[in-house]
Structures are given as structure tokens and as C-alpha cells.
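Accompanying notes for the structure given below.
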Amino acid sequence: MKQDIYSKITTHIIAELEQGVRPWMKPWSGEHAARRITRPLRANGEAYRGINVIMLWSEAVTKGFAAPIWMTFKQAQELGGHVRKGERGSPVVYASTFSKTETDEKSGEETERDIPFMKGYTVFNAEQVEGLPERFYQLAPPQLDPVERNAEADAFFAATCADIRHGGSSAHYCGGTDHIQMPPFEAFRDAESYYATLAHEATHWTKHKDRLDRDLGRKRWGDAGYAAEELVAELGAAFLCADLKLTPEVREDHAAYIGHWLTVLKQDPRAIFTAAAHAQKAADYLNAFSAAGEGIEAHTVPQQAAA
């Protein structure tokens, strides 16, 4: 029986996690002009979302692509290009719903019900395509040395009005008092480590009942619900860091989570899809607070010559 799309993608992610590789970590390159760090982009500059972000980041790492731009075979042709002979595409998915009419056996009343479905299709990285307009191949100018604080990131998190407290040596979200606890900025080895950690805890912050009311069934430390929420925070931080042009860091205290994640993913091939959907929703929620949240919409292919 043909492997379904959920199992196929989950199997790939499990294989990477078993090698100690997190497919959502550092999949980008500073070489391409379409942004130093970015979510994967469609040919029209629109950013991919949810599970497709993780899938294409993973493909970029595996195949060594610097360009964040992806397109179908047909889209490449419409842009005047052609996929090089022998190139293999990368899978992405399309999720939607269709309506189904159901009849109540007792009353005979008919009702409409939306049935979710998902189908896969294939895209190619711009580096696999020849003959595209020059903007798809542009390299970025040299980056200046980063400043210690990031004004955009500071403004982004301040706009959420989250209760962010500093002190101690632990980073965590405390649900009882509804606050984010962070070590002092100076305790981190660099600015990006601080903001990436804050993005992780801010994703946890969105689960509060007065916000997204996200309850994944956690009963105790280390159980499936705990692992699922940590995976959501991990992915949410990666999405936010991409939007804010930051490099997410692998936190040493999260190394132990890989085993928990593997258990969850092996038990449910749809778990990574659920986690990605929750992470995307959390990122959207946080982005909505601030003009800095225009990061998703602002991802564009360089337009020196408008298409």
C-alpha cells in the first residue's frame, strides 16, 4: 500500500531526529539576496507556512540550497526557465476542505459538513532551474557586523505586552503567574541566543486560556502532552526567528527532548502536522501585535526588475 503523505513526511523527520538533526534549525544561508534568513518562498514571493516551512528547510539543508525560492515545474516554465535534466523535486502539501452532505437517519434532515483533506505536490528550488530572471539568482551584499541588541526584535516582543522578567539562570514560561522568566541579556553568549530563547518562551506564552487556549494534554513532565507542547514551542521559535531575521539556537537543555519527540512522532504520523499548525497559529498571534510582524508578508523576491 502506498505510504500516505503524513507517514512519508513523518518518517523523514524521524530519520533526521534519530541522527540528532533538527530539520527546522539553521536551514538557511546568507548568500541569497532574498533575505539572509527567511521562510521558504513561493515564486511570487509569498511565504510558505506550517509544515511546508519545515519540509523545505529540511530539503535545503539536505541538498545544500542557498536560495529560499521554490516553484513547480509549470511555474518555472511560465517564468521562462526550465528544470535541469536529472533534478529531483521536493514534496510540499496543500491542505483544504470539501463539503459533504449528510442525512440524519432519524430526522431525514440534511446537513453540510466540511471534510479536511491534504494532497502533495512537487516543487523545485530556484538553483535547480535554469533561465529564470536574474533576481532569482542574486547574491546578498556582505553583512555588517551585528549590533549587540536588535531593535526590531526588542520592539516585536515589547509590543506583545507579555510580562517578561529577568533574573536567575532559567528560561521558562510560568503559567501560574502568566509571566516569562529570562536570564539577564548579558548571560547569553550573543544577542541571537537571547532572542531565540525568548521566542521559544513567547510561543509557550500563547497557550494561556485567555490567548490561544492550547491544551495538548500535558499531565506531568516528560509525558506525551509535555513533549508535544515543547515541539510546538520549538517550531514556533524557528518560525518567529525566520520572520525576525534571527538565527535560532539549539538550546543544550532541549537535547533531551529529542527522545520524547521521537516517541510522539512514532506513535502518531500526524503529530508533526498538528505541532506545525499550532506553531504557525502561535506565530501569527504574536506577529499580530506589532508592525514587526509584517515579516511574513514582507518576504519577497528581490524586485530590481519588477515581474
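Coordinate-derived values only; no laboratory data. Just so it is clear, the model here is predicted, and its values are computed rather than measured. Neighbour counts are summed over all protein chains in view; Cβ atoms, including those assigned to glycine, are modelled from backbone coordinates with ideal geometry.
Of all DSSP bridge pairs formed entirely within region 39-189, close to 80 percent run antiparallel.
Which of MET55, MET182 has the fewest other C-beta atoms within 10 Å, and how do the rest follow up to the most? Mind showing how you got there, number by number?
Numbers: MET55 25, MET182 21.
Ascending Cβ contact count within 10 Å gives the list MET182, MET55.
In this simple spin-label approximation, ARG84 and SER170 carry label points 7 Å from Cα along the Cα→Cβ vector, and these lie 5.2 nm apart.
The smallest convex shape that holds all Cα atoms of region 94-141, its convex hull, gives 123 Å³ per residue. Starting from one equal scatterer on each C-alpha and no solvent at all, send me the Debye-based log10 I(q)/I(0) for region 167-225 at q = 0.15, 0.19 Å⁻¹, two decimals. Ignoring solvent entirely, the Cα scatterers give -0.51, -0.76. Size of region 30-110: Rg and Dmax of its alpha carbons, in Å, are 19.1, 64. Straight-line cross-link partners of LYS74 among the aspartates and glutamates, defined as a Cα under 16 Å from its Cα and at least 8 positions apart when in the same chain: GLU87, GLU127, GLU130.
The peptide list 227-235, 58-66, put in order of mean Cβ contacts within 10 Å with the highest first, becomes 227-235, 58-66. Taking Lys and Arg as +1 and Asp and Glu as -1, the other residues whose beta-carbon sits under 15 Å from that of GLY80 total 0.
Here the simple spin-label model places points 7 Å from the Cα toward Cβ, and for ILE115 and ALA288 these points are separated by 3.1 nm.
Label separation (ARG189 vs SER107): 6.2 nm, computed from points 7 Å beyond Cα along the C-beta direction. Packing around the peptides 208-216, 40-48, 150-158, taken as the average count of other Cβ atoms within 10 Å per residue, puts them in this order, highest first: 40-48, 150-158, 208-216. Here LYS219 is the anchor, and the lysines within straight C-alpha reach of less than 25 Å, apart from those fewer than 8 places off in the same chain, are LYS207, LYS209, LYS266, LYS281.
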